[in-house]
Amino acid sequence: MIGVSTIEPDDLDHANQVAVEWGITGFPNIADDGGVYIGFGVFGNPATAAISAGGSVVVHAGDIDTEGALELLDRARSRDA
């Protein structure tokens, strides 16, 4: 499972700190100037995309908390079943 959080470059350090605090591993935060957003069909910030090992993509637009991030990862995994 891969999770990707597209973050404005100025917020990258904070986003990495939050992932550690939430105990989420294997979830890289990518500083995005817009190219990643476009690839996932996201047109606003903040947004989070989870990509399963099978390639299923689930996107959440807006703020996300620990529970929401874990649910997003589960939703992506369940699409492979």
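The values are calculated or read from the model by the stated rules, or taken from the named source; none is laboratory data. These figures come from a predicted structure and were not determined experimentally. Quick reminder, even Gly has a Cβ in these numbers, built from the backbone with ideal geometry, and neighbours come from all protein chains shown.
So R75 clears everything in (1) touching a Ser or Thr at 6+ places or on another chain (Cβ under 8 Å); (2) at pLDDT 85 or above except one condition, right? Which one? Answer for R75: the failing condition is (1).
Checking D10, D33 one by one, the residue that is at negative phi, part of a loop (DSSP other than H, G, I, E, B) and among the charged types (D, E, K, R) is D33 and no other.
For every residue, the table says whether it meets (1) crowded, with 16+ Cβ neighbours inside 10 Å; (2) part of a helix (DSSP H, G or I); (3) modelled with pLDDT under 85; (4) of a type in the set (D, E, K, R).
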{"site": "I38", "(1), (2), (3), (4)": "no, yes, yes, no"}
{"site": "V58", "(1), (2), (3), (4)": "yes, no, no, no"}
{"site": "G68", "(1), (2), (3), (4)": "no, yes, no, no"}
{"site": "D80", "(1), (2), (3), (4)": "no, no, no, yes"}
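Checking F43, F27 one by one, the residue that is surrounded by 18 or more Cβ atoms within 10 Å (Cβ to Cβ), modelled with pLDDT under 80 and part of a loop (DSSP other than H, G, I, E, B) is F27 and no other. Pairing each residue of region 12-35 that is closer than 18 Å to V59 by Cα with any residue that is modelled with pLDDT of 70 or more and β-branched (V, I, T), provided the two are 6+ apart or on different chains, yields C-beta distances under 7 Å for I30/V36.
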